[in-house]
1. With (1) within 16 Å of the ligand (Cβ to nearest atom); (2) in contact with a strand residue (DSSP E or B) (Cβ under 9 Å, 6 or more places away or on another chain) as the list, and Glu217 as the residue in question, which single condition is left unmet?
2. Among the residues of the stretch 203-219, count how many are outside any loop (DSSP other than H, G, I, E, B) and touching a Leu at 6+ places or on another chain (Cβ under 8 Å).
3. One residue is enough: does the stretch 200-208 have a residue meeting the conditions over 23 Å from Gly398 (Cβ atoms) and over 22 Å from the mean Cα position of the chain (by Cα)?
4. Check every one of the helices (runs of 4 or more DSSP H) wholly within the stretch 248-344 and list those with 1 or more residues that are under 29 Å from Glu188 (Cα atoms) and of a type in the set (D, E, K, R).
5. Is it the case that some residue within the stretch 366-381 is within 30 Å of Gly277 (Cβ to Cβ), of a type outside the set (A, V, I, L, M, F, W, C) and either surrounded by 22 or more Cβ atoms within 10 Å (Cβ to Cβ) or in contact with an Asp or Glu (Cβ under 9 Å, 6 or more places away or on another chain) (or both)?
6. Can you find a residue in the stretch 73-84 that is on the phi < 0 side of the Ramachandran plot, surrounded by fewer than 19 Cβ atoms within 10 Å (Cβ to Cβ), touching a helix residue (DSSP H, G or I) at 6+ places or on another chain (Cβ under 7 Å) and not in a strand (DSSP E or B)?
7. Going through the stretch 228-263 one residue at a time, which ones are among the hydrophobic types (A, V, I, L, M, F, W, C) and either more than 24 Å from His150 (Cα to Cα) or more than 14 Å from the ligand (Cβ to nearest atom) (or both)?
Amino acid sequence: MTKQTILVINCGSSSLKFALIDVATKEESLSGLAQRLGASDASITIKFNGEKQTFSLAASYNHQAALAALIEFLQTNSLTQSIVAIGHRVVHGGEMYHQPTLINDEVMAQLKSLSNLAPLHNPANIQGIEAALAAFADLPQVAVFDTAFHQTMPNKAFLYAVPQQLYKEHSIRKYGFHGTSHYFVSREAATMLDKDIEALSLVTVHLGNGCSLAAIEAGQSVDTSMGFTPLAGVTMGTRCGDIDPGVIFHLTTHCGYTVEQVDTMLNKESGLLGLSGISNDCRTLEDQALEQNNPQAKLALDVFSFTIAKSLAAMTVSLSKLDGIIFTGGIGENSDYVREQIVKQLAVLGVAIDPELNAQAIRGKSLNIATAPSPAVLVVPTNEEWVIANQTHQLIQG
Ligand code: AMP
């Protein structure tokens, strides 16, 4: 059988992540990242055959240039023939998209109309799609949405207690994000527990630079911590998570801040970074807190763990029982310290972990670290690229 690969593209405002995935073997034959797009020092790094190569994109340094460099590399290494489709990560699908969707002119127009719901994310995703459509005109291209998995939430979970015309006229509601990750790790958990996903009630905890939790009953998302935007929910690397909206009125009305300044502050200067004044990076903060005894780093990690434990307890309200908690994302997969801090605050739910197993669950290991009779506590590496590749392949096959 000829090899069938999917090119997965995940475009940020100044970055373009990509991976070439063989759908039969799940093997990632090539991956990489173009960074600082839009700046004169833009570059692309491609990992292939165990080797990393970095090229400057200095002459023309936009998303198109990054894709052109990638295509040249694919052609030089005879990798283009096996590509059967392109899967794009799209952050916001609004209420319109519950499923991966084949991209055509009508879908492009709808994606553009959704950009006002996610002005920080969707325009970059669209740029990537447009560049890929120009470069790979003959290949089917599929949009896989971060919001789609959460479209099963009941209205009591997704509605805000504001006048209903805001929902009806302006689509103001909770959407939730990181859907491909919550979907993937919940299915992996079912396999690890040797249970049918339909029989399980789970809380998935994605902790990376962005952080979110989801309540998953019988395989469906029934609540999640992020909201109308990815700014809501628990403390994150640079995002504040939930705060009293009154703070925004106070800052803009009485403290001389513009709306743009508050927007930047809450999205880019808050979270672990804002609290610690040191870094948004969990590893750096752990080092500062545990090795250097830095009180600000310790405080930032305390707030972080507390908001996650509290949100986790809140997620259980939507479940019929609690079979398992799943940690994933860069922090969830690697930080035994953060996992321990969170679980310590969940004793009331009967959750307990084995310190030794917890310490072993790092660097891509899947493990159940709970001690009986606690609900399962699983560490599961996420693989959003694989979900995008697989769903893209299923759609074009179907
Ligand atoms: P992600 O956005 O999923 O790539 O996750 C990035 C976050 O994971 C950063 O805050 C990293 O500091 C954190 N991280 C990665 N490895 C470790 C580790 N070994 N211990 C603690 N945090 C880690």
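The values are calculated or read from the model by the stated rules, or taken from the named source; none is laboratory data. These figures come from a predicted structure and were not determined experimentally. Using ideal geometry, Cβ is built from the backbone for each residue, glycine included, and neighbour counts are taken over all protein chains shown.
1. (1)
2. 8
3. Yes, because at least one residue in the stretch 200-208 is over 23 Å from Gly398 (Cβ atoms) and over 22 Å from the mean Cα position of the chain (by Cα).
4. Answer list for the stretch 248-344: 282-286, 295-315, 329-334, 336-344.
5. So far as the stretch 366-381 goes, no, none of its residues is within 30 Å of Gly277 (Cβ to Cβ), of a type outside the set (A, V, I, L, M, F, W, C) and either surrounded by 22 or more Cβ atoms within 10 Å (Cβ to Cβ) or in contact with an Asp or Glu (Cβ under 9 Å, 6 or more places away or on another chain) (or both).
6. The answer is yes; a qualifying residue exists.
7. Phe228, Leu231, Ala232, Cys240, Ile243, Val247, Ile248, Phe249, Leu251, Cys255, Val259, Val262
Yes/no matrix, rows are residues, columns are (1) within 16 Å of the ligand (Cβ to nearest atom); (2) free of Cβ contacts under 8 Å to residues at least 40 places away in the same chain; (3) β-branched (Val, Ile, Thr):
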position	(1), (2), (3)
Leu299	no, yes, no
Met315	no, no, no
Ile326	yes, no, yes
Arg339	yes, no, no
Asp354	no, yes, no
Ala359	yes, yes, no
Leu395	no, no, no
